[in-house]
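Below is one structure, written out as structure tokens; the observations come after it.
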Amino acid sequence: MKRRGDKELRRLFSVDGSSYISVFATCTESLVLLPLQVTDELAAEMEHALGVKAVKTLIAETSLVGCLAVGNANGFIFSPYTLDSEIQRIEDLTRAEGLKVKLSRVPYGDPMSAAGNVILANDTVALVHPELSEKAIDVVTETLGVKVYKGTIGGLKTVGMAAVATNRGVLAHKNATYEELEFLEEIFELPVEIGSVNLGVPLIGAALLANTKGYAAGFETTGVELGRIVDALGFL
């Protein structure tokens, strides 16, 4: 379960037995949101790997936190079906850590309600599903404080699952086209690489959590894939 040569810091994880850890979790430069059922030990190991504080929660009464939420240093955006009590819990826990972040929902009625699946963001830029509504784009702009662009990665509109972006780099779906990669480099103004996770799965955003402090990958991710993560996201 440990990365080769990394005896103290765990990098490979599962959540509820699944190597698709980003379906259940999402992170920023200061927080990692995890489902309520994860153990305190796993939460602590995630904190260590990512250099952040872990907050346990449900989103829309489910454990699919990574699918239904996305955030950066400025705020978080949640599914429109997120309960008021869940928003309040996150607000209370972040305030207790001395963090001030905006918390918003995708507008009700927007067909692209799984925020984590349809929004790829770092602290300055967001790429979103081409069919995301203008109201939702306004929420992304105001909550995350970013410039917003529409696009695809590897032909996929669910860009949040097709790549991971930090403030140092972008790792994208291995089938992303030259034009898509060029566009990512242009809007993020960062190095962009292609790769995979979990033994060749191209959905980077489904099994990789990363910020500028560290990363956590699905337990099936190979050494070669970890090497690409390290290179692309600037951990050398």
Task: Stokes-Einstein D for the chain, Kirkwood Rh over Cα pairs, 25 °C, 0.890 mPa s (µm²/s) - done: 143
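When only C-alpha pairs under 8 Å and at least 6 residues apart count, what is the relative contact order of the chain, in percent? Write down the numbers at each step before the final one.
Values: 554 pairs, mean separation 46.4, N = 236.
Value for the chain: 20 percent.
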- [ ] Order by neighbour count: Met46, Met161, Met112, fewest other Cβ atoms within 10 Å first, most last.
- [x] Met112, Met46, Met161
Task: Charge tally in the Cβ shell below 13 Å around Thr141, where Lys, Arg are +1 and Asp, Glu are -1, Thr141 excluded - done: +1
- [ ] Let me know the number of lysine pairs in segment 16-165 closer than 28 Å at the Cα, not counting same-chain pairs under 8 apart.
- [x] 16
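Among residues other than Glu179 whose Cβ falls under 13 Å from its Cβ, what is the net charge (Lys/Arg +1, Asp/Glu -1)? Kindly include the intermediate steps, with their values, before the conclusion.
Details: positive: none; negative: Glu180, Glu182, Glu185, Glu186.
Its environment carries a net charge of -4.
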Task: log10 of Debye I(q)/I(0), alpha-carbon scatterers only, for segment 57-113 at 0.17 Å⁻¹ - done: -0.50
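Any number yet on Rg/Rh for segment 1-107, C-alpha, Kirkwood?
Values: Rg = 13.7 Å, Rh = 14.1 Å.
Rg/Rh for segment 1-107 comes to 0.97.
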TODO: Would you mind getting the Kirkwood hydrodynamic radius of segment 91-213 from its Cα pairs, rounded to one decimal in Å?
DONE: 14.8
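What number, in nm² with one decimal, is the all-direction average of the projected area of the convex hull of the alpha-carbon atoms of segment 32-171? Provide the component values of the computation, followed by the final result.
Numbers: hull surface 32.4 nm².
In nm², the orientation-averaged hull projection of segment 32-171 is 8.1.
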- [ ] Count charges around Ser196 for me, please; just the other residues with Cβ under 13 Å from its Cβ, Lys/Arg as +1, Asp/Glu as -1.
- [x] -1
Open item on the list: Please give the charge dipole size of segment 12-232, origin at the Cα centre, charges +1 on K and R Cβ atoms and -1 on D and E Cβ atoms. Round to the nearest 20 debye.
Closed with: 180
Open item on the list: Residues of segment 67-86 with backbone nitrogen within less than 15 Å of a virtual label 7 Å along the Cα-to-Cβ line of Ser133, please, listed as ranges.
Closed with: 78-82
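All of the numbers you see were taken from the coordinates with simple rules; none came from a lab. In this text, all values refer to a predicted model and were calculated from it rather than measured experimentally. Using ideal geometry, Cβ is built from the backbone for each residue, glycine included, and neighbour counts are taken over all protein chains shown.
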